[in-house]
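The values are calculated or read from the model by the stated rules, or taken from the named source; none is laboratory data. Because the structure is a prediction, the values reported are computed rather than measured. Ideal geometry is used to build each Cβ from the backbone, glycine not excepted, and the neighbour counts take in all protein chains shown. Note: accessible area is taken over every heavy atom of the protein model, side chains too, but ligands, DNA and RNA are not part of it. Shrake-Rupley method; radii C 1.70, N 1.55, O 1.52, S 1.80 Å.
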Amino acid sequence: MSKRFIIYTAEDLAAHKTASSCWVSRQGKVYDVTSFLHDHPGGDDYILKYAGEDINIVMKDKDEHDHSDSAYEMLEEYVIGRLGTGATTVSDDWEATDDFHPDDTDEVQDFEKNQFLDLRKPLLRQVWEANWSKAYYLQQVHQPRHLAEPARFFGPDILEARAIILEKSNPNIM
């Protein structure tokens, strides 16, 4: 069984840069190395210098601090999630013009890029089982996505039809 990762933003990572909560990232993965600080052969100050940041270049820099293959393997023990990526968010003051026609979102490419919601599958279960940080969720829900047909919430046609009827009869409940 594979471990489910939480998806973090760069802001989430940057918020953990103290001895009591020290996170770093490398090649898209987020590591909580707090418990390793005192065991690091180069001292905890060296890790804290790069806390809340990507350490890929530092770990490869032979002049700065050479790392063995076992150091990279050991780092994998501290994986807590992955760093989410995303396109530029829409600004709060953006308004669509009358002639604005958005391009349809490529559902496959969108899911592979953002690992947020697979728009080809019912949304309710995906949201229920999600492992996103609050910041990543808020970043993603503000990304413009346009589908030719509405995304499915439940899956079975009967439930989708019932949801549409409920929404049309009382738009305040959906």
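If I go through the stretch 145-163 residue by residue, how many of them are surrounded by 13 or more Cβ atoms within 10 Å (Cβ to Cβ) and not in a loop (DSSP other than H, G, I, E, B)?
Qualifying residue count, the stretch 145-163: 3.
Given (1) over 21 Å from Asn114 (Cα atoms); (2) open to solvent by less than 70 Å² (accessible area, probe 1.4 Å), where does Lys62 come up short, assuming only one miss?
Unmet for Lys62, out of (1) over 21 Å from Asn114 (Cα atoms); (2) open to solvent by less than 70 Å² (accessible area, probe 1.4 Å): (2).
Given the criterion modelled with pLDDT under 85 and open to solvent by less than 60 Å² (accessible area, probe 1.4 Å), identify the matching residue among His40, His67, His101.
Values: His40 fails: modelled with pLDDT under 85; His101 fails: open to solvent by less than 60 Å² (accessible area, probe 1.4 Å).
So the residue among His40, His67, His101 that is modelled with pLDDT under 85 and open to solvent by less than 60 Å² (accessible area, probe 1.4 Å) is His67.
Kindly check whether there is at least one residue in the stretch 27-36 that is within 15 Å of Thr9 (Cβ to Cβ) and not basic (Lys, Arg). Before the answer, list the steps.
We begin by selecting, within the stretch 27-36, every residue within 15 Å of Thr9 (Cβ to Cβ); these are 28-30.
With not basic (Lys, Arg) added as a condition, the list becomes 28, 30.
Yes: one or more hits.
Six or more apart or on different chains, Cβ atoms under 8 Å: show the pairs whose first residue is in the stretch 148-174 and over 24 Å from Arg120 (Cβ atoms) and whose second is at pLDDT below 85 and not in a loop (DSSP other than H, G, I, E, B).
Ile173/Leu166; Ile173/Glu167
For the stretch 120-144, enumerate the residues that are open to solvent by less than 70 Å² (accessible area, probe 1.4 Å) and either acidic (Asp, Glu) or part of a helix (DSSP H, G or I) (or both).
Leu123, Gln126, Ala135, Tyr136, Gln139, Gln140, Val141
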